[in-house]
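Notes for the one structure printed next.
Coordinate-derived values only; no laboratory data. Quick caveat, the model's predicted, so the values are computed rather than measured. Don't worry about glycine lacking a Cβ; one is built from the backbone with ideal geometry, like all the others, and counts go over all protein chains shown.
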Amino acid sequence: MKVEVIICSGTLCYLMGGAELQLLSEHLPPALKDKVIVKGSPCVGFCDKPESGKPPFALINGRKIQQASVDKLISEIKQELGI
Ligand code: FES
């Protein structure tokens, strides 16, 4: 099973920390590297809805992650994989 991570690279997310997230693949622990597909996306549509939470946003298997950071995404990926 692969985990699909979509990183929002829309302007707001990018400015709010998404730039660092674009480097997620390089920060993945070796054990996760072949289990994760990382993709960038134009604005995923959460930033204009205050109830969605705070940018930067990412999606892990379609699940919204707000205030994403590299560490947060790695722990969410592990959770998704059950490890
Ligand atoms: S710029 Fe990321 S949700 Fe809009």
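Taking Cα atoms only, the orientation of helix 70-81 departs from the longest principal axis of the chain by about 60 degrees. Residues of the stretch 46-67 with an amide N closer than 18 Å to a point placed 7 Å from the Cα of residue 39 along the Cα-to-Cβ direction: 46, 57-65.
Shown here for the chain: trypsin sites (Lys or Arg not before Pro) in loop regions (DSSP other than H, G, I, E, B) with at most 12 other Cβ atoms within 10 Å, namely 2. Normalised radius of gyration (Cα atoms, divided by 2.2 N^0.38 Å) for the chain: 1.01.
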